[in-house]
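Worksheet for the structure shown next.
The values are calculated or read from the model by the stated rules, or taken from the named source; none is laboratory data. Everything quoted here is computed from the prediction, not taken from an experiment. Glycine also receives a Cβ, built like all others from the backbone with ideal geometry; neighbour counts cover every protein chain displayed. Each accessible area value is taken on the protein alone, full model and side chains, heavy atoms only, with ligands, DNA and RNA left out. Shrake-Rupley method; radii C 1.70, N 1.55, O 1.52, S 1.80 Å.
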Number of protein chains: 2
Amino acid sequence: MEKKVPYKIYLSENEIPTQWYNVRADMKNKPAPLINPGTHQPLTKEDLDPIFCSELNAQELDNETRFFDIPEEIQEFYKMYRPSPLVRAYFLEKALGTPAKIYYKFEGNNTSGSHKLNSAIAQAYYAKKQGLKGVTTETGAGQWGTALSMACSYFDLDLKVYMVKCSYEQKPFRREVMRTYGADVTPSPSNTTQVGRKILSEHPESTGSLGCAISEAVEAAVTNEGYRYVLGSVLNQVLLHQTIIGQEAQAALRKYDIKPDIIIGCAGGGSNLGGLATPFIGEMLRGEADYKIIAVEPASCPSFTRGKFAYDFADTGMICPLAKMYTLGSQFIPSANHAGGLRYHGMSPILSQLYADGLFEARSVEQTAVFDAAVQFARVEGILPAPESSHAIRAAIDEALKCKETGEEKTILFGLTGTGYFDLKAYEQYNNGTMDDIIPSDDLIASYLEKLPKVEE
Amino acid sequence: MEKKVPYKIYLSENEIPTQWYNVRADMKNKPAPLINPGTHQPLTKEDLDPIFCSELNAQELDNETRFFDIPEEIQEFYKMYRPSPLVRAYFLEKALGTPAKIYYKFEGNNTSGSHKLNSAIAQAYYAKKQGLKGVTTETGAGQWGTALSMACSYFDLDLKVYMVKCSYEQKPFRREVMRTYGADVTPSPSNTTQVGRKILSEHPESTGSLGCAISEAVEAAVTNEGYRYVLGSVLNQVLLHQTIIGQEAQAALRKYDIKPDIIIGCAGGGSNLGGLATPFIGEMLRGEADYKIIAVEPASCPSFTRGKFAYDFADTGMICPLAKMYTLGSQFIPSANHAGGLRYHGMSPILSQLYADGLFEARSVEQTAVFDAAVQFARVEGILPAPESSHAIRAAIDEALKCKETGEEKTILFGLTGTGYFDLKAYEQYNNGTMDDIIPSDDLIASYLEKLPKVEE
């Protein structure tokens, strides 16, 4: 007999996974390696060590080890805000009148407001273990910077955040959370780096870009003794750390003998989708189960659905290595009217390979429809979702409404990556009816894809 | 043998209390009744019914019923965000190096960001049950307005919020959360009421006050068919609903045979302190246990520690009934430099009577010391606390440091009422070193207390 599922399924602390799952070990077609943009040679650990933390590089390059033990210090930190609840969306089901059973894994109950903390604490730990003084990073809207500032504060590591200047000025709240956790937040472009000074001398009024902030953060890591650069998405190591999400979800589902039919995650750089979905994809790769997995991306930045699977620069600034991934071209930048996060031109190489191999499907959604779903969800489930997460909500509602039509009692699981408390400018646009949908033209996308670097494979 | 206490103690859903506890039933000295400011006669249900919801008035006036059943619809809503965790502050204990055991009941894991939702949903429920179209209220910083907008959205009730104009303009994020939940938010003073129009004609540039917003909200309730006025603190009914906090804490503590020595809550109008502490005070009143209970208030608005226990207007606008309470005088307004919430001139009549009867002690703390505690807490416990809650954190840390000196292993429980995501202007002041402490002079307080209404008891 089926057990009555509570509104929230919590694991006990000793049920939190103690290992991260590396889906690459189960992939027949491994993700393509990062390559040097000049020589096109695969990057080795020796190439990466001057820029990134050594043990993280080992994780980055390891396509074979299926499980990595989570160090005890990180396990202890996880207990500060984990296990995160797996919520049965009874209220939403009722509002939709659907026979579908909807679950969401909620990662927003921590001050960073998102799942980013799962990897931030791991990266800070390995930096500390290596004896570093500190780390550098860039942040746009500030979600990653906030998570990293919490993690660095915990391990007493110095943190230099280069925050895109217009965000620094327009999102003072995120900036203050970072400062409260002791981070040194610098508006980018700044006078603290060569690249920043160069940009400022040419464009004194520049309000910055993510590409410029990355360049400054990397320069600061390389030129300051005892610093390394860290990154919150796209990288293999980040997906590895984020599998705590999917593994916890699996453990919670097992408690009530629940098998999801459909698994949904929003996709920007891939840290959330990869974290939630790869433990399930691993079951598929090993032939143990089958799921319909859906990546949801914004119509204004449609890497999977309209991009090309090819080597491209990982960053707009074209200083980072080349990664083989679904990309819109490193110079593609979503419209300024795009409110919903997930603005990265590329995609995790792991997810890109899995998508190319047909392990999941992808769809794009327009932002007013995303905010329709966000508000519907907030009103019945009581959580004001982040715009990013709301892409997954949109698809979950759409799937549940299909079940309503067909009468099918499918079980839907989606990732609710975070809360929207720092995104209220976007909600204001929506509430005022001034939000619009932006879909890049075929010509625009083609113009960027033409300029992809030529790499022989 | 003592069971190992986890970082977070969660009750299961069927352990959420199904009754609210009314401490008045156990009080020998009942709280003094609200009285009519003109006649000085105690207000009857008939007096209250045109302004407030009928069943809430019954709760307000009931000094005898020990437990009120929580209606099933409210129990169901509680499952959206309750049970709230009782957290063992292992990280804080370690950072302080104290032998004390510190626990906090965390009420911030919901979109309203505070405990206010516990009473908002009850008040919305009774309004709906009465067949009302909607309710009106005022909000300053917006915590109560946010909670009520969530509650009204859930029961499909109309909500008119009068928001002090300067907050409406300076705190657009709270305003947008309310609008997202469908509330009609009007900056006060407004043209929608007589009292608002009068103020605007005399002072066109007025940025509003809480007194003015209350007057407008009450007028809107009385003059619009099918509306009543609701309030988020001070009232007996609010303390009643908030006892879900203290009762859940008791149930969680019982699971691990924990008996707190010290219980700490911040005190503004009393909704949080009353909710957390009165179930424990009930044990004291019934001679079943003894606790040291501490109310913590801001030095800039010290109702308990420097006010007078006397009848006074419940509102700055002097249109509400008189309540017997600890008060600084209804015209007392804390300095504009006061950042920490808890700015009400008076205090819950129930708590006032209990304090007069010696059931708990009170202390005041200065705001820079409060933010010192807030930041120390945020950095180790991972939750950015609301300024209000941080008053309790300050006292908890102080008590834990006393234990460090004496070597006593006391058990401390405090109420963490909410998160500070919408209070980052105050954190910015603190981070910039521009926050100062404001303590009203004896002469200033005396000048307000001289003007208290003369009431013969």
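Points to keep in mind about this one:
- Centre-to-centre, using Cα atoms only, the stretch A:182-211 and the stretch A:96-128 are separated by 31 Å.
- Ligands, DNA and RNA left out, the accessible area of the stretch A:216-269 computed with a 1.4 Å probe is 45% carbon and sulfur.
- The residues of the protein assembly as shown present an accessible area of 35 Å² per residue when probed at 1.4 Å with all protein chains retained.
- Dipole magnitude for chain B: about 700 debye, using +1 per Lys or Arg Cβ and -1 per Asp or Glu Cβ, origin at the Cα centre.
- Label reach from residue A:357 (point 7 Å along Cα→C-beta): in the stretch A:226-254, no amide nitrogen lies under 15 Å.
- Net length available on complete extension from residue A:28 to residue A:170 is 46.6 nm, with 0.36 nm assigned per residue and the Cα-Cα distance removed.
- If you take all other residues with their beta carbon under 13 Å from the beta carbon of residue B:218, and give Lys and Arg +1 and Asp and Glu -1, the sum is -2.
- Toward the positive end of the charge dipole of chain A, with +1 on the Cβ of Lys and Arg and -1 on the Cβ of Asp and Glu, the farthest Cα among A:103, A:429, A:307 is that of A:103.
- Using bins of 20 Å that start at zero, the share of Cα-Cα pairs per bin across chain B amounts to 26, 61, 12, 0, in whole %.
- For the stretch B:1-149, the relative contact order is 24 percent, taking Cα pairs closer than 8 Å that sit 6 or more residues apart in sequence and dividing their mean separation by the residue count.
- In sequence order, the stretch A:405-419 has phi-based couplings of 5, 8, x, 6, 9, 6, 9, 10, 10, 10, x, 9, 6, x, 9 Hz under the Karplus curve 6.51 cos²θ - 1.76 cosθ + 1.60, θ = phi - 60°, and Gly or Pro positions carry x.
- Each helix, a run of at least 4 DSSP H residues, gives -39500 (n - 2.57); summed and divided by the residues of chain A, these come to -12500 deg cm²/dmol at 222 nm.
- Each label point was placed 7 Å from the Cα along the Cα-to-Cβ direction; for residue A:184 and residue B:65 their separation is 6.2 nm.
- Within chain B, percent of DSSP bridges classed antiparallel, to nearest 5: 35 percent
- At most 16 other Cβ within 10 Å, DSSP loop - GluC sites (Glu not before Pro), the stretch A:332-427: A:408, A:409
- Amide hydrogen neighbours beyond the local backbone of residue A:418, cut-off 5 Å, H modeled: A:107, A:386, A:389
- Couplings 3J(HN,Hα) of the stretch B:154-163, computed from phi: 5, 9, 6, 10, 6, 9, 10, 9, 9, 10 Hz, in residue order, whole Hz [Karplus 6.51 cos²θ - 1.76 cosθ + 1.60, θ = phi - 60°; x for Gly and Pro].
- When DSSP beta bridges are restricted to pairs lying wholly in the protein assembly as shown, around 35% turn out antiparallel.
- Loop-resident sites, the stretch B:110-207, for GluC sites (Glu not before Pro), counting at most 13 other Cβ within 10 Å (DSSP): B:205
- For residue B:325, the amide hydrogen comes within under 5 Å of the amide hydrogens of B:310, B:311, B:312, counting only partners 5 or more places away or on other chains and with H modelled in the peptide plane.
- Interface residues of the stretch A:401-424, defined as those with an accessible-area decrease of at least 30 Å² between the chain by itself and the complete set of protein chains (probe 1.4 Å), are A:421, A:422, A:424.
- Positive-end residue, the protein assembly as shown charge dipole about Cα centroid, Cβ charges, pick of A:48, B:407, B:274: B:407
- Taking every alpha-carbon pair under 8 Å whose residues sit at least 6 apart, the stretch B:1-71 reaches a relative contact order of 42 percent.
- Relative contact order for chain A, counting Cα pairs under 8 Å that sit 6 or more residues apart, in percent: 19 percent
- Taken residue by residue and averaged, Cβ atoms of other chains lying within 10 Å of the Cβ of A:382-391 number 3.
- Rounded to the nearest 100, the interface formed by chains A and B buries 4100 square angstrom of accessible surface, both chains summed, with a 1.4 Å probe.
- Whole-angstrom gap from the stretch A:1-80 to the stretch B:38-94, using each part's C-alpha centre: 47 Å
- The residues of the stretch A:180-220 listed by number as losing at least 10 Å² of accessible area in the complex, against the isolated chain and with a 1.4 Å probe, are A:180, A:181, A:182.
- Charge-dipole axis of the stretch A:320-431 as Lys and Arg at +1 and Asp and Glu at -1 on Cβ define it, positive-most pick from A:376, A:351, A:364: A:351
- Less than 5 angstrom separates the built amide H of residue A:101 from those of A:410, A:411, A:412, all sequence-distant by 5 or more or on a different chain.
- Computed from backbone phi with θ = phi - 60° and the Karplus coefficients 6.51, -1.76 and 1.60, the 3J(HN,Hα) list for the stretch A:84-101 is 8, x, 9, 9, 7, 7, 4, 5, 5, 4, 5, 4, 7, x, 9, x, 5, 9 Hz; x is used for glycine and proline.
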